[in-house]
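Below is one structure, written out as structure tokens; comments come after it.
The values are calculated or read from the model by the stated rules, or taken from the named source; none is laboratory data. Since the structure is predicted, the reported quantities are computational estimates derived from the model, not experimental observations. We place every Cβ from the backbone using ideal geometry, glycine too, and count neighbours over all the protein chains shown.
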Ligand SMILES: [Zn+2]
């Protein structure tokens with residue numbers, strides 16, 4: 001096959017040289033009552049890759065990005081909170097277009113955060129991509145939570161734009177007495 005980025009003939013979907021060129025650029029956004037959202041990749045650099053999520057190949061690309069994010073997190077951040085049970089909850093973790101976008105991220109982080117697959121699902125099938133802030137505010141996702149109550153958790157998602165999905169997800173989890181420490185996203189589209 002060809003490397004998706006440089007088109008050189010190669011055994012992997014992204015060749016080693018291109019894989020190494022995808023750099024982690026950690027960013028932190030503070031939103032909504034001092035809630036921290038961390039991201040790993042510069043949006044412009046990975047926008048092309050993130051758009052693959054609507055194709056079958058997307059699951060393999062998402063896995064590569066999530067794995068890189070996980071390794072960075074494990075090596076640079078994780079040691080600060082080793083001692084408590086923290087669950088990983090993907091935002092709208094359901095299969096759509098062949099696989100679950102956030103579920104792949106939950107899986108890659110499962111060595112650190114106990115995975116609660118498919119626990120938080122949007123009841124309204126609304127897609128925010130390309131929509132205005134007003135549209136997003138007027139059309140909530142209506143999350144349903146089917147995971148455990150009274151736990152500590154981290155939210156995981158692929159892209160943050162306005163942050164409204166994360167805000168709504170967090171509010172739903174608070175109803176179930178889930179203490180959400182922070183959110184991790186692959187990339188922050190605002191930067
Ligand atoms: Zn390449």
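Of the residues 65, 50, which is within 26 Å of residue 112 (Cβ to Cβ), touching a residue at least 60 places away in the same chain (Cβ under 8 Å), assigned to a helix (DSSP H, G or I) and within 16 Å of the ligand (Cβ to nearest atom)?
Testing whether each residue is within 26 Å of residue 112 (Cβ to Cβ), touching a residue at least 60 places away in the same chain (Cβ under 8 Å), assigned to a helix (DSSP H, G or I) and within 16 Å of the ligand (Cβ to nearest atom) leaves just 65.
List the number of the failed condition for residue 60; all other conditions in (1) assigned to a loop (DSSP other than H, G, I, E, B); (2) within 16 Å of the ligand (Cβ to nearest atom); (3) surrounded by fewer than 18 Cβ atoms within 10 Å (Cβ to Cβ); (4) in contact (Cβ under 8 Å) with a residue 24 or more places away in the chain hold.
(1)
How many residues does region 140-183 contain that are in contact with a helix residue (DSSP H, G or I) (Cβ under 7 Å, 6 or more places away or on another chain) and under 25 Å from residue 51 (Cα atoms)?
The total comes to 12.
For region 101-191, list the helices (runs of 4 or more DSSP H) that sit wholly inside it and hold at least 1 residues that are farther than 17 Å from residue 70 by Cα and at pLDDT below 95; which are they?
133-138, 164-175
Kindly indicate the residue of region 4-14 that is in contact with a strand residue (DSSP E or B) (Cβ under 9 Å, 6 or more places away or on another chain) and at pLDDT 90 or above and also farthest from the ligand (Cβ to nearest atom) among those meeting that condition.
Going through the qualifying residues, I end up with 9.
On the given criteria, is residue 22 in contact with a helix residue (DSSP H, G or I) (Cβ under 9 Å, 6 or more places away or on another chain), within 23 Å of residue 3 (Cβ to Cβ) and crowded, with 16+ Cβ neighbours inside 10 Å?
yes
Which residue out of 33, 85 is at positive phi, surrounded by fewer than 17 Cβ atoms within 10 Å (Cβ to Cβ), more than 16 Å from the ligand (Cβ to nearest atom) and not in a strand (DSSP E or B)?
33
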